[in-house]
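Comments concern the structure below.
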């Protein structure tokens, strides 16, 4: 089983810290309204916002570490196998015959760190796409090309299509 590049933790942590900042800003606004003279919250809005940011940031760091440890994937002969999840463990098996197309994505922070993600779109139900984040640039291209090649190889021959009713 293959692990993600360790730099993906930076991407996840930055995203989580932005969320912590948003939560702190919201708590600041709420505490300003509810902490008015004789209000419900006896603390200063700055103190409330700082506490919220600190708690959310600490939880984010713990979640990032655990999320990295849980993420594994394997490009097998006939399927893509992915294990992930901190609280809820998820195991995904994608047969190559179900693959519609494969994308490589690189956001601004990922590009800065030399990372990318591979997104596999599958036939079937709603939301039938699987993403492998945090791959080195070269590995992103390699995994995309490998999955594309395996998906093409697994396509049924044109003679098999007439067997369906």
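Structure data summary
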quantity	calculated
Matching option when the condition is under 19 Å from the mean Cα position of the chain (by Cα) and not in a helix (DSSP H, G or I), among 15, 6, 19	6
Residue list for region 114-143, filter: surrounded by 19 or more Cβ atoms within 10 Å (Cβ to Cβ) and under 20 Å from residue 64 (Cβ atoms)	115, 116, 117, 132, 133, 134, 135
Residues being in a helix (DSSP H, G or I) and in contact with a strand residue (DSSP E or B) (Cβ under 8 Å, 6 or more places away or on another chain) - total across region 93-108	2
Among the candidates 66, 43, 54, residue that is assigned to a loop (DSSP other than H, G, I, E, B), surrounded by fewer than 16 Cβ atoms within 10 Å (Cβ to Cβ) and without any contact (Cβ under 8 Å) to a residue 40 or more places away in the chain	43
Qualifying position, being at pLDDT 95 or above, more than 20 Å from residue 17 (Cα to Cα) and outside any helix (DSSP H, G or I), among 117, 131, 125	117
Residue selected from region 134-163 under the condition more than 17 Å from residue 75 (Cβ to Cβ) and assigned to a helix (DSSP H, G or I), by the criterion modelled with the highest pLDDT	137
The lone exception for residue 67 - which of (1) modelled with pLDDT under 90; (2) under 20 Å from the mean Cα position of the chain (by Cα) it fails	(1)
Test: residue in region 34-52 that is assigned by TED's automatic domain parsing to the domain that holds residue 124 and more than 22 Å from residue 118 (Cβ to Cβ)	no
Qualifying residue in region 70-92 (condition: part of a helix (DSSP H, G or I) and either out of contact with any strand residue (DSSP E or B) (no Cβ under 8 Å at 6 or more places or on another chain) or within 30 Å of residue 143 (Cα to Cα) (or both))	yes
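The values are calculated or read from the model by the stated rules, or taken from the named source; none is laboratory data. Note that the coordinates shown come from a computational prediction; the quantities given were computed from them, not determined experimentally. When we count neighbours, we look across all protein chains shown, and the Cβ atoms used for this are built from the backbone with ideal geometry, even at glycine.
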